[in-house]
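Visitor: This structure is in structure tokens; I'll ask about it shortly.
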Amino acid sequence: MSRFMSRRFDDLEAYVPGEQPRDMQYVKLNTNESPFPPSPAVFAAVNEEEVSRLNLYPDPEGLLLRQKLSKLYGVGVENIFLANGSDELLNFFFMAFCDAHRPVAFPDISYGFYPVYAGLYNLPYTQIPLREGFRLSYQDYCHIDSSVVIANPNAPTGRAIPPEEIEEIVRTNPRHVVLIDEAYIDFGGESCLPLIHRYSNLIVCQTFSKFRSLAGGRLGYAMGHPELIADLNKIKYSTNSYNINRLTLTAAAAAIDSNDYYVQNSRIIQENRAYTVAALERLGFETVPSLANFIFTRCPAIPGGTLYEKLRAKGVLVRHWTKPAIADYLRITIGSREQMDVLIQRTAEILRGE
Ligand SMILES: *Cc1c(COP(=O)(O)O)cnc(C)c1O
């Protein structure tokens with residue numbers, strides 16, 4: 001217990017991010033980063049001239065970037081809100097739209113930050129169990145009279161549900177906001193974004209961290225009805241009006257201008273995903289079907305924790321959780337073909353007892 005901190009945080013369990021180790025060079029497949037650098041346009045945009053302007057505050061509205069996103073997605077500028085990573089957006093969502101009278105629900109196996117934010121604001125929350133095979137049943141979220149957060153595709157499973165099912169969840173909880181976290185939507189899933197024009201209680205949340213190779217830039221964005229965007233702005237301007245830094249605004253605008261580069265990278269990731277799933281299957285692995293830039297997989301011949309440790313000792317970093325329902329599984333980021341070949345070779349060695 002802290003000597004000085006408010007007692008209200010005594011029971012708060014903070015989020016534990018995936019390791020960013022410095023002890024050696026790992027094949028790093030543990031935090032779903034892109035193996036590709038930002039596009040050449042980003043390198044060109046973040047130049048000396050931009051650095052020379054760092055004495056000035058950034059545009060608090062991020063208008064230029066919102067205009068670019070508006071064109072790319074066919075939504076209004078007034079439908080877009082920028083945040084310092086989608087993590088900040090989630091923070092604002094829990095702060096703005098949930099309280100003792102507005103409980104929040106999310107899946108029991110999903111992004112580990114959701115229960116942390118619920119704990120931070122001391123919210124009543126329900127973790128709805130996934131069904132067999134880590135399937136999310138949309139009926140479990142219909143008419144629950146509660147705010148809802150769903151990652152689609154889900155993390156760490158990689159499974160996705162179609163927009164029609166999301167629509168049912170949004171339609172049947174009209175008094176509450178439904179947030180769909182589409183951090184991984186650009187690796188083969190179908191976005192529910194068009195629904196924001198028909199439902200004023202839907203927020204679609206995306207990020208530059210995965211598909212757009214900008215995890216270090218910290219940029220997420222929400223799209224939804226202007227009323228919800230105004231609510232989020234009220235929170236933002238009460239916490240940090242300059243939440244997106246100048247260099248990130250510049251890098252992100254250049255990234256939007258080079259969308260084709262990222263689409264091409266995503267194709268490679270999807271090919272590497274199929275390649276990795278097939279190679280692991282030959283080694284006896286069972287993998288959950290994934291529409292994300294990671295896979296969730298287990299090998300009946302070896303416990304997940306053991307395989308995690310042995311891979312780590314061989315210089316390959318993946319993600320493992322000790323929570324019993326998923327302790328057999330590893331979440332493996334899909335990287336370059338070379339990285340996946342190292343993973344597959346080291347795994348084969350471990351299974352041979354080497
Ligand atoms: C990575 C991730 C985020 C966080 O993204 P940032 O924009 O880097 O904060 C949010 N939600 C899910 C499901 C993620 O996997």
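Visitor: Output the number of residues of the stretch 174-204 satisfying the condition of being over 19 Å from F93 (Cα atoms) and assigned to a helix (DSSP H, G or I).
Guide: Of the residues in that region, 5 qualify.
Visitor: Suppose the filter is of a type in the set (F, W, Y) and within 21 Å of the chain's Cα centre (by Cα); does Y15 pass it?
Guide: Taking the combined requirement at face value, the residue satisfies it.
Visitor: Shifting gears a bit: Note down all Cβ pairs under 8 Å where the first residue falls in the stretch 25-46 and is farther than 19 Å from Q270 by Cβ and modelled with pLDDT under 95, the second is more than 16 Å from the ligand (Cβ to nearest atom) and assigned to a loop (DSSP other than H, G, I, E, B), and they're at least six residues apart or on different chains.
Guide: That search, which allows pairs on different chains as well, returns Q25/G315; Y26/G315.
Visitor: Are there any helices (runs of 4 or more DSSP H) wholly within the stretch 68-173 with 3 or more residues that are touching a Phe, Trp or Tyr at 6+ places or on another chain (Cβ under 7 Å) and either within 12 Å of the ligand (Cβ to nearest atom) or of a type in the set (F, W, Y) (or both), and if so which?
Guide: Numbers: elements: 85-97, 113-120, 163-171.
Because the criterion is at least 3 residues that are touching a Phe, Trp or Tyr at 6+ places or on another chain (Cβ under 7 Å) and either within 12 Å of the ligand (Cβ to nearest atom) or of a type in the set (F, W, Y) (or both), the helices (runs of 4 or more DSSP H) in the stretch 68-173 that meet it are 85-97, 113-120.
Visitor: Of all residues in the stretch 174-192, count the ones that are within 16 Å of the ligand (Cβ to nearest atom) and touching a strand residue (DSSP E or B) at 6+ places or on another chain (Cβ under 6 Å).
Guide: The total comes to 7.
Visitor: Residues in the stretch 193-211 that are near the ligand (Cβ under 10 Å from one of its atoms) and touching a Leu at 6+ places or on another chain (Cβ under 9 Å): how many? Break it down stepwise before answering.
Guide: Kept after step one, since they are near the ligand (Cβ under 10 Å from one of its atoms), are these residues of the stretch 193-211: 205-210.
Filter once more, so that each one left must be touching a Leu at 6+ places or on another chain (Cβ under 9 Å): 205-209.
Looking only at that region, the number is 5.
Visitor: Of everything in the stretch 213-226, what is near the ligand (Cβ under 10 Å from one of its atoms) and buried (at least 22 other Cβ atoms within 10 Å of the Cβ)? Give them in sequence order.
Guide: L214, G217, L219, G220, Y221, listed by residue number.
Visitor: Listed residues I334, I326; which is at pLDDT 95 or above and either touching a helix residue (DSSP H, G or I) at 6+ places or on another chain (Cβ under 6 Å) or farther than 18 Å from T157 by Cβ (or both)?
Guide: Details: I326 fails: either touching a helix residue (DSSP H, G or I) at 6+ places or on another chain (Cβ under 6 Å) or farther than 18 Å from T157 by Cβ (or both).
Just a single option satisfies the conditions, and that option is I334.
Visitor: Six or more apart or on different chains, Cβ under 6 Å: which pairs go from a residue in the stretch 68-87 that's more than 18 Å from D231 (Cβ to Cβ) to one that's among the basic types (K, R)? Could you list them?
Guide: G85/R218
Visitor: Within the stretch 301-354, take every residue that is surrounded by fewer than 18 Cβ atoms within 10 Å (Cβ to Cβ), assigned to a loop (DSSP other than H, G, I, E, B) and aliphatic (A, V, I, L, M) and give me the one that is farthest from the chain's Cα centre (by Cα).
Guide: Restricting to residues being surrounded by fewer than 18 Cβ atoms within 10 Å (Cβ to Cβ), assigned to a loop (DSSP other than H, G, I, E, B) and aliphatic (A, V, I, L, M), the top hit is A301.
Visitor: Still on this model: From R102, R135, grab the single residue that is touching a strand residue (DSSP E or B) at 6+ places or on another chain (Cβ under 7 Å), surrounded by fewer than 20 Cβ atoms within 10 Å (Cβ to Cβ) and among the basic types (K, R).
Guide: Exactly one of R102, R135 is touching a strand residue (DSSP E or B) at 6+ places or on another chain (Cβ under 7 Å), surrounded by fewer than 20 Cβ atoms within 10 Å (Cβ to Cβ) and among the basic types (K, R), namely R102.
Visitor: Now for a separate question. If we keep just the residues of the stretch 49-67 that are crowded, with 19+ Cβ neighbours inside 10 Å and part of a helix (DSSP H, G or I), which is farthest from the ligand (Cβ to nearest atom)?
Guide: So the residue we want is R66.
The values are calculated or read from the model by the stated rules, or taken from the named source; none is laboratory data. The model shown is predicted, which means the values in this text are computed figures rather than measured ones. Virtual Cβ from ideal backbone geometry, glycine too; neighbours counted across all protein chains shown.
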